[in-house]
Amino acid sequence: MTVRIQTADFDVSAEIAALRRNNPKVGAVASFIGVVRDVNEGGAVSEMTLEHYAGMTEKAIEEIIGQARSRWNVLDALVVHRVGRLKPVDQIVLVVVTGSHRGDAFAACEFIMDYLKTRAPFWKKEQTPAGTRWVETRESDDIAAERWRFKG
């Protein structure tokens, strides 16, 4: 289980290859890549700044991965989340889960991402033509995370 918070971009292929390297038990790899869009809530976005609380953020993500591992047969998991200033088309987050079978890998990957959106302490600020605005939690993200409450 690996969690990294960083300003630098990441190489998806290299990260996946490293996670599954030399493990003959891996039969499935599920991944998610989040990318900065140029629009949010109907308005143009020229830049996003992500902030976090060092130490607390990593711990929260480790707990989320631990919950996924307790629910599904997961061999390993990786979360790389960027912070700092990002532009549209920049990669923000990578979630990779390895498992023996695709069902567990898919479910765990989706669970981790849904919980990252609602339970990991990140703060997002967007630069728009009207100025800077903080991004509020979306009800749709809360609903997505809530569906896992009794599943798994």
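The values are calculated or read from the model by the stated rules, or taken from the named source; none is laboratory data. All values reported here derive from a predicted model rather than from experimental measurement. Glycine gets a Cβ as well: all are built from the backbone with ideal geometry, and neighbour counts include every protein chain shown. These accessible areas exclude ligands, DNA and RNA; they are computed on the full protein's heavy atoms, side chains included. Shrake-Rupley method; radii C 1.70, N 1.55, O 1.52, S 1.80 Å.
Residues in the stretch 139-152 that are surrounded by 10 or more Cβ atoms within 10 Å (Cβ to Cβ) and either at pLDDT 70 or above or among the aliphatic types (A, V, I, L, M) (or both) were compared, and the one that is nearest to Ser70 (Cα to Cα) is Trp148. When Ala68 is tested against (1) in contact (Cβ under 8 Å) with a residue 24 or more places away in the chain; (2) open to solvent by 20 Å² or more (accessible area, probe 1.4 Å); (3) of a type in the set (Gly, Ala, Ser), exactly one condition is not met: (2).
Take the residues in the stretch 20-42 that are open to solvent by 20 Å² or more (accessible area, probe 1.4 Å) and part of a strand (DSSP E or B); name whichever of them is modelled with the lowest pLDDT. For the stretch 20-42, the residue satisfying everything is Val39.
State all residues of the stretch 43-62 that are in contact (Cβ under 8 Å) with a residue 12 or more places away in the chain and part of a helix (DSSP H, G or I); if no residue qualifies, say none. Those that are in contact (Cβ under 8 Å) with a residue 12 or more places away in the chain and part of a helix (DSSP H, G or I): Met56, Thr57, Glu58, Ala60, Ile61, Glu62.
For Val39, the criteria (1) more than 21 Å from Trp123 (Cβ to Cβ); (2) of a type in the set (A, V, I, L, M, F, W, C); (3) without any contact (Cβ under 8 Å) to a residue 40 or more places away in the chain hold in every case but one, which is (1). Residues in the stretch 76-115 that are under 15 Å from Gln6 (Cβ atoms) and either in a loop (DSSP other than H, G, I, E, B) or open to solvent by 10 Å² or more (accessible area, probe 1.4 Å) (or both): 8 in all. Kindly indicate whether any position in the stretch 139-147 is part of a helix (DSSP H, G or I) and in contact with a Phe, Trp or Tyr (Cβ under 8 Å, 6 or more places away or on another chain). Checking the stretch 139-147: at least one residue is part of a helix (DSSP H, G or I) and in contact with a Phe, Trp or Tyr (Cβ under 8 Å, 6 or more places away or on another chain).
Does Ser13 count as open to solvent by 50 Å² or more (accessible area, probe 1.4 Å), under 18 Å from Asp90 (Cβ atoms), out of contact with any strand residue (DSSP E or B) (no Cβ under 6 Å at 6 or more places or on another chain) and not in a loop (DSSP other than H, G, I, E, B)? Yes; evaluated as a whole, the condition is true for this residue.
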